[in-house]
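Here is the structure we will look at, set down as structure tokens.
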Amino acid sequence: MTTSGALGGKSFLASARPSSNVEQVLKNLEWPGQFPFKEEDFQRDDVSPDSLFYKAPRFVTHIDDPAIAALTMFYSRVLPPSNSPGVSILDICSSWISHYPAGYKQERIVGMGMNEEELKRNSVLTEYLVQDLNGNPELPFEDNSFDIITNVVSVDYLTKPLDVFKEMSRILKPGGQAIMSFSDRCFWTKAISIWTSTDDTDHVLIVGSYFHYAGGFEPPQAVDISPNPGQSDPMYIVYSRKASTA
């Protein structure tokens with residue numbers, strides 16, 4: 001795989017993609033020695049402060065109902081059972097809904113997002129925090145604090161993804177899982193350039209690279225949970241567990 005040339009990260013994507021099947025993309029992948037993306041890959045058309053863009057609440061869904069149902073079904077299979085003793089979950093880039101199963105509860109479910117009015121409306125959260133991860137990627141939690149970290153259709157907006165993923169590794173408990181879900185929709189002007197110039201298969205590689213180069217994670221895996229290909233929004237998952245200590 002080459003990482004040189006004017007295209008930078010795009011050269012890596014073109015040479016690394018083993019299949020158009022997103023579930024196969026991360027399997028047996030030989031990663032370059034260094035992070036293959038460049039600073040310009042994380043630039044955006046709209047460089048105004050994100051706090052201005054998200055100032056007004058948006059009580060809307062950003063994927064269609066079948067995609068939401070597919071994500072909720074996935075969560076129902078992989079999240080700890082409701083009301084499990086001692087379980088803590090963090091939902092980053094959270095909003096007024098987290099798409100967890102109906103009635104899902106844990107002792108601690110923290111939401112981090114950009115708009116307080118939206119976070120207040122999210123009934124699954126036990127607490128919330130307003131923070132711009134592009135301005136401050138540090139997660140204000142102790143080491144080994146969470147069993148699960150989720151992120152829904154927002155990983156494409158992170159301009160400092162390695163910093164955020166390193167922080168996720170730090171605050172996850174050993175064996176804890178981070179679940180990044182995304183579709184083909186986004187606020188185009190706020191998504192990073194490497195995302196808007198590539199396709200869904202490349203997006204799996206991009207998110208997988210964040211896990212790999214952040215360190216501390218097991219090899220990332222990808223799942224296609226798209227409910228009705230060609231008829232509704234696609235839905236993809238890239239996930240990994242924090243490596244357990246010896």
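The values are calculated or read from the model by the stated rules, or taken from the named source; none is laboratory data. This is a predicted model, so every value here is computed, not measured. When we count neighbours, we look across all protein chains shown, and the Cβ atoms used for this are built from the backbone with ideal geometry, even at glycine. For the accessible areas, the whole protein counts, side chains as well, though only heavy atoms, and no ligand, DNA or RNA atoms are used. Shrake-Rupley method; radii C 1.70, N 1.55, O 1.52, S 1.80 Å.
Report the longest stretch of the chain that contains none of the GluC sites (Glu not before Pro) sitting in a DSSP loop with at most 11 other Cβ atoms within 10 Å. Each step should come with its number before you reach the end.
Values: sites that count: E30, E142.
In short, 31-141.
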- Tell me the trypsin sites (Lys or Arg not before Pro) within the range 159-238 that lie in a loop according to DSSP and have at most 16 other beta-carbon atoms within 10 Å. R185
- Message: Using +1 at the C-beta of Lys and Arg and -1 at the C-beta of Asp and Glu, which of P32, L79, S48 has the Cα lying farthest in the positive direction of the dipole of the chain?
- Response: L79
- Task: Take every DSSP beta bridge whose two residues both sit in the chain, then give the antiparallel share in percent to the nearest 5.
- Result: 35 percent
- Can you give the accessible area per residue of the chain, in Å², using a 1.4 Å probe? 46 Å²
- Message: Compute the helix-to-body angle for 161-171: its Cα long axis versus the longest principal axis of the chain, expressed 0 to 90° and rounded to tens.
- Response: 40 degrees
- Query: Between the helical axis of 65-78 and the dominant principal axis of the chain, each derived from Cα atoms, what acute angle in degrees is found, rounded to the nearest 10?
  - Reply: 80 degrees
- Of the chymotrypsin sites (Phe, Trp or Tyr not before Pro) in the range 149-215, those whose Cβ has at most 14 other Cβ within 10 Å and which sit in DSSP loop: W188
- How many percent of the accessible area of the range 140-246 is carbon or sulfur, using a 1.4 Å probe? 47 percent
- If you find the alpha carbon centre of the range 29-54 and of the range 109-163, how far apart are they in angstrom? 18 Å
- Task: Find the lysine pairs in the chain meeting two conditions, Cα atoms under 13 Å apart and a separation of 8 or more places or different chains, and report how many there are.
- Result: 4
